[in-house]
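**Q** What follows is a single structure, and I will ask about it in a moment.
Quick note: the coordinates plus some simple rules give every number you see, no bench work behind them. Please read all numbers here as calculations on a predicted model, not as lab measurements. Cβ placement follows ideal geometry from the backbone for every residue including glycine, while neighbour counts extend to all protein chains displayed.
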Amino acid sequence: MQEIRVEPPLSAAAAVVSAGGSDGGSMAGEAGRGSSSPSSPSPLPSLLDDRALWVVCAVRLVLLPIVGIVGIMALYNARIIPQDPICALTLMIQTAMPSAQNLVLMSQLSPGTKPLAGMLASLMLRQYAISMLPITVWITVFLARLNMTI
């Protein structure tokens, strides 16, 4: 059994890899154990299915903006951040944006996590498509909260 060594920024990708197997990062991993066919399908695609997409979208596009609006308004009212509403709006909009492509890029750098790059890119592409409506709604909420008009 070979141990997977991953630098800290790749720990999320490594968790997905280790869930599929521990043979140093091959897609089939140990999923084929008990099967006579060495090319049996990997369970990794099932880890990044529609349920994972909706969980990622719910956290990133619903939960984080709620936490962000509470935290940023607390900092704004306590005068810890500048009293410029544009500054507060910029910080709030950051919380409503979908995930960045950094994890896809980092997964391409390591041979053990390289097979995940395509699946992560697909997940994020779908997240970007879904995020158009929530971003519009959140910007409207943020503008109303800061008493700003367009």
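**Q** PRE reach from TRP54 (point 7 Å along Cα→Cβ): which of region 105-134 fall under 13 Å by backbone N?
**A** Hits in region 105-134 for TRP54 at 13 Å: none.
**Q** Here is a follow-up. Once label points are set 7 Å from the Cα along Cα→Cβ at both ILE66 and LEU125, what is their separation, rounded to one decimal in nm?
**A** Result: 3.1 nm between the two label points.
**Q** Starting at the first residue of region 62-71, write each ³J(HN,Hα) from the Karplus equation 6.51 cos²θ - 1.76 cosθ + 1.60 with θ = phi - 60°, in whole Hz, x for Gly and Pro.
**A** Per residue, the Karplus-derived 3J(HN,Hα) values read 10, 5, 4, x, 5, 4, x, 5, 5, x Hz.
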